[in-house]
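Report on one structure; see the data block that follows.
The values are calculated or read from the model by the stated rules, or taken from the named source; none is laboratory data. This is a predicted model, so every value here is computed, not measured. Just so you know, the surface numbers come from the protein's heavy atoms only, side chains and all, with ligands and any DNA or RNA stripped out. Shrake-Rupley method; radii C 1.70, N 1.55, O 1.52, S 1.80 Å.
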Amino acid sequence: MKRFITRILVAVLAVSILAPGLVRADDAVIDEKLGVPIVVYGANLSDAEKESVKVSLGVAKEAEVEEITVDGSDLVKYIKDGDSKARMYSSAKITRRDAGKGLVISIVTEDNITQVTPDMYANAMLTAGIEDAIVEVASPKKVTGHSALVGIYKAYEVSGETLDTERTDVANDELNLATKFAQEVGVDSDKVSELLTEIKKQIAEKNPATKEEVEKIVVEQLKKLNIELSAADRQLLIDLMDRISKLDIDFNKLSEQLNDMASKIKEKLGDIDPGFWESVKNFFASIFDSIQSWFK
């Protein structure tokens with residue numbers, strides 16, 4: 001019996017250590033400074049699909065949310081030459097954060113968002129001017145995930161912010177190019193995100209004045225990451241990054257976020273000190289051993 005109680009106490013303490021942020025639905029609090037989460041639904045969802053998305057995004061767990069719909073008219077607002085008749089299914093919940101907190105992106109229906117990754121969304125959002133938010137993306141059916149970005153734009157503006165449509169248009173092109181490289185060219189999606197992030201870091205640090213200087217940065221990063229593109233695709237990347245370098249972006253302000261993104265992507269790609277996870281394992285092992293010793 002003593003050993004059984006010990007195991008229960010160890011398990012309870014482990015949960016409290018590993019998941020300190022768990023909050024019951026009835027403990028949810030309304031943020032009076034930043035506002036309630038905005039949930040944006042694709043306009044082409046059926047009633048049943050919309051209910052499915054609500055469950056996926058945990059709408060019922062929030063103290064209060066604002067719900068809106070995104071359709072083709074929003075697409076043409078944020079994206080030049082957008083198709084006003086485009087069908088939109090992917091949806092999102094966006095919760096604003098204090099300045100400096102950064103972006104946290106998750107796809108809660110991973111099987112149904114087939115092309116866009118969290119890092120691709122994050123890169124495009126930074127280009128568009130969204131810097132501090134928690135974003136969750138969902139779809140009740142298999143879609144590429146592109147239209148969720150337009151929904152995120154609309155939700156962000158509904159929360160009281162204003163986006164530069166030149167930046168949102170370039171960000172959409174960035175997302176399209178990222179998925180093209182991953183889906184058609186065959187570059188690993190994490191590698192694509194790493195490439196885009198590293199190029200933007202170099203733009204922030206070197207502030208290139210000409211397209212030739214941007215091209216040099218792009219070529220250097222392609223070589224550094226051992227990514228091979230055709231001449232046509234390489235030119236598309238150079239053209240995109242030249243457009244980004246000319247946007248009204250305070251790259252010094254974004255430098256910290258870009259560095260943080262780069263570090264996280266490197267971790268996912270396995271470029272991390274092998275002893276790190278061993279030290280984590282040993283840390284928790286020492287805690288459990290100490291707890292068990294109290295009952296001996």
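Could you work out Rg/(2.2 N^0.38 Å) for segment 59-207, with Rg from alpha carbons only? Don't skip to the end; give the middle numbers.
Working: Rg = 14.8 Å, N = 149, 2.2 N^0.38 = 14.7 Å.
Normalised by 2.2 N^0.38 Å, the Cα Rg of segment 59-207 equals 1.01.
Looking at this model, which pairs from 33/54; 54/77; 33/180; 154/201; 180/211; 180/201 are more than 32 angstrom apart at the alpha-carbon? Working shown, then result.
Working: 33/54 24 Å; 54/77 26 Å; 33/180 39 Å; 154/201 27 Å; 180/211 22 Å; 180/201 22 Å.
Beyond 32 Å between Cα atoms: 33/180.
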Per principal axis, descending, Cα span of segment 19-135 in whole Å: 44, 35, 28
Surface accessible to a 1.4 Å probe, residue 108 within the full protein complex, Å²: 60 Å²
Accessible surface, segment 70-196, averaged per residue in Å² (probe 1.4 Å): 37 Å²
Cα gyration tensor shape for segment 78-164, rounded if a/c is under 1.5, else prolate or oblate: oblate
Distance cut-off 20 Å, percentage of C-alpha pairs in segment 182-254 lying past it: 25 percent
Under 5 Å, built H, 5+ apart or other chain: amide partners of residue 105: 135
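Just the number: Rg to Rh for segment 134-239, Cα atoms, Kirkwood Rh, two decimals. Show your work: numbers first, answer last.
Working: Rg = 15.5 Å, Rh = 15.5 Å.
My calculation of the ratio gives 1.00.
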